[in-house]
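What follows is a set of notes on a single structure, which appears directly below.
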Amino acid sequence: VDKVVVVGVEEVAGVGEPGVRSLSTAPEGYTGACPNYRQPAELGCFSLDSQRTFHDDGRLLRYFAPPRGWQGPIDLDVGWSVPGAYIQMDAQRAERLDHIVSWLSRHRSQGGGNWGYFVTWRGHLTKVLGTPYERREGWQLAATLFRGTRYMSEVETEAARREREMRSLRQKQMCYWGYKFEQYMTADRPGGEPDVSRPVNTNEGFCTVVRTRLAGHSLVFAGEVDCRAGERPPPSSYVELKTSREVVTPGQRFKLMKWWAQSFLIGVPRIVVGFRDDSGHVQHLQTYETLKIPKMSEEKMWNAAVSLNFCEAFLSFLKEVVTRDDPKVVYLFSWEPGADVTYRVYENSEQTFLPDWYIEQFRD
Ligand code: A3P
Ligand code: MG
Ligand code: MG
């Protein structure tokens, strides 16, 4: 049973902690100059194999291998109805930051043992960047301070769990198409040919670990990378792959912004999109330069500076709130569209997420 130590403003005020107890997410509060974001530098990489086992190397890295000359539509539905052709990662298994701290524990000497102030998944930061504009999906982020570093790990909301469990066959099919597209566009070695006869296995992934800085905040995070093209040093040589319906629906508002946030954060300069029809046939490919996306928004409905200013404010809020240096103390930040970010503090609860073996390593 979770032991809730602090709930809301009043109880905290009594123990003399600093002032700010919630954080507004309204875009109006975050206009103004874009904060400085340092070009991400790759510290290393790791791979997750078909069983979701961690490997301290880049064995799962794929290489960009687009079709040579356009030979007509790409059929993403190939294999969809074949038994065993779609192996999905076990969504019940909460991996939290386990793979990231596995990597960190093996590379502690890199960066002088100082991992900066925040350690997290890139995908969590993508959600933070989208928050001022998001109207549908809330989030929960657990944060813990351990030896001067703040670790942030997402906790699935009830609504997200329900949505995942209710996902229609059609939605699953469209996810399959997204992964099949990756197979069509990549090979296992430079200059190789794609092999689309293999099953899609969503356990597999190659992740880069980068270090960067947003205004005054040092960040170390990992993110999955779809493939590499060319010889430039990573992450500049990485390519993000996406599929999109030819005709974007109102429900896909800010899709381009989400693509931008995901790739910008981790320094991936190019996004290759396969535009598909409703039968899963890619009719054309288009390359977007990540850095040019913010200027493409004709409606000016979103602003990259707002996203980054909000992220900066959120990290400052975390620094102010997450102050007890103890891996058994977890601050759970919650946000629902239309509301402020609030938090609760849990001690010795099932919210604890840094693995014991990791904590043990620091005992000296
Ligand atoms: P698309 O990119 O074509 O949408 P990513 O693009 O981040 O590399 O993810 C690869 C694929 O995973 C996506 O293809 C999509 O099919 C699936 N995917 C990504 N995020 C998802 C999510 N939150 N829920 C369900 N499927 C997701
Ligand atoms: Mg991917
Ligand atoms: Mg992708």
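The values are calculated or read from the model by the stated rules, or taken from the named source; none is laboratory data. Treat the numbers as computed from the prediction; the structure is a model and nothing was measured. Here the Cβ is made from the backbone with ideal geometry for all residues, glycine too, and neighbour counts use every protein chain on show.
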For this session: Look through the stretch 269-328, keep the residues that are hydroxyl-bearing (Ser, Thr, Tyr) and surrounded by fewer than 21 Cβ atoms within 10 Å (Cβ to Cβ), and return whichever of them is farthest from residue 26 (Cα to Cα).
Result: 279
Problem set entry | Complete set of residues in the stretch 181-200 that are out of contact with any Phe, Trp or Tyr (no Cβ under 8 Å at 6 or more places or on another chain), within 14 Å of ligand 1 (Cβ to nearest atom) and not aromatic (Phe, Trp, Tyr) | 182, 183
Problem set entry | Enumeration of residues in the stretch 311-340 that are under 18 Å from residue 145 (Cβ atoms), part of a strand (DSSP E or B) and under 19 Å from the mean Cα position of the chain (by Cα) | 332, 333
Problem set entry | Residue identified as under 30 Å from residue 165 (Cα atoms) and modelled with pLDDT of 95 or more among 57, 77 | 77
For this session: Please name all residue pairs, on different chains or six or more residues apart, with Cβ atoms under 6 Å, provided the first residue is in the stretch 76-95 and is in contact (Cβ under 8 Å) with a residue 24 or more places away in the chain and more than 30 Å from residue 351 (Cα to Cα) and the second residue is surrounded by 10 or more Cβ atoms within 10 Å (Cβ to Cβ) and charged (D, E, K, R).
Result: 76/180
Exercise. Out of (1) farther than 13 Å from residue 62 by Cβ; (2) in contact with a strand residue (DSSP E or B) (Cβ under 6 Å, 6 or more places away or on another chain), the odd one out for residue 231 is which?
Worked result: (2)
Seminar exercise, completed: Only one of 157, 149 is among the β-branched types (Val, Ile, Thr) and under 18 Å from residue 218 (Cα atoms), namely 149
Exercise. Taking the stretch 198-232 as the region of interest, how many residues are over 22 Å from residue 52 (Cβ atoms) and not β-branched (Val, Ile, Thr)?
Worked result: 12
Exercise. Out of all the residues in the stretch 185-199, is one or more more than 30 Å from residue 33 (Cα to Cα), among the charged types (D, E, K, R), surrounded by fewer than 22 Cβ atoms within 10 Å (Cβ to Cβ) and free of Cβ contacts under 8 Å to residues at least 40 places away in the same chain?
Worked result: yes
Seminar exercise, completed: If you go through 84, 58, 29, 79, the only one that is of a type in the set (Gly, Ala, Ser), surrounded by 15 or more Cβ atoms within 10 Å (Cβ to Cβ) and over 22 Å from residue 235 (Cα atoms) is 79
For this session: Answer yes if at least one residue in the stretch 241-252 is within 11 Å of ligand 1 (Cβ to nearest atom) and either at positive phi or not in a strand (DSSP E or B) (or both), and no otherwise.
Result: yes
Exercise. Looking at 214, 256, which one is touching a strand residue (DSSP E or B) at 6+ places or on another chain (Cβ under 9 Å) and more than 16 Å from ligand 1 (Cβ to nearest atom)?
Worked result: 214
Exercise. Is it true that some residue in the stretch 269-286 is part of a helix (DSSP H, G or I) and within 16 Å of ligand 2 (Cβ to nearest atom)?
Worked result: no
Problem set entry | Pick from the stretch 221-238, criterion buried (at least 24 other Cβ atoms within 10 Å of the Cβ) and among the hydrophobic types (A, V, I, L, M, F, W, C), ranking: nearest to ligand 3 (Cβ to nearest atom) | 225
For this session: Scan the stretch 168-212 residue by residue and report those that are under 25 Å from residue 56 (Cβ atoms), over 18 Å from the mean Cα position of the chain (by Cα) and away from ligand 3 (no atom under 14 Å from the Cβ).
Result: 187, 188, 189, 190, 192, 198, 201
For this session: Return the pairs, sorted by first residue and then second, in which the second residue is part of a loop (DSSP other than H, G, I, E, B) and away from ligand 3 (no atom under 16 Å from the Cβ), the first residue lies in the stretch 233-249 and is closer than 24 Å to residue 173 by Cα, the beta carbons are less than 7 Å apart, and the residues are 6+ apart or on different chains.
Result: 246/277
For this session: Any residue in the stretch 343-363 that's assigned to a loop (DSSP other than H, G, I, E, B): show its pairings with residues that are polar (S, T, N, Q) and at pLDDT 95 or above at Cβ separation under 9 Å, as long as the two are six or more apart or on different chains.
Result: 351/144; 352/144; 353/144; 353/153; 354/144; 354/153; 355/102
Exercise. Can you name the condition, by its number, that residue 292 falls short on among (1) free of Cβ contacts under 8 Å to residues at least 24 places away in the same chain; (2) touching a Lys or Arg at 6+ places or on another chain (Cβ under 7 Å)?
Worked result: (2)
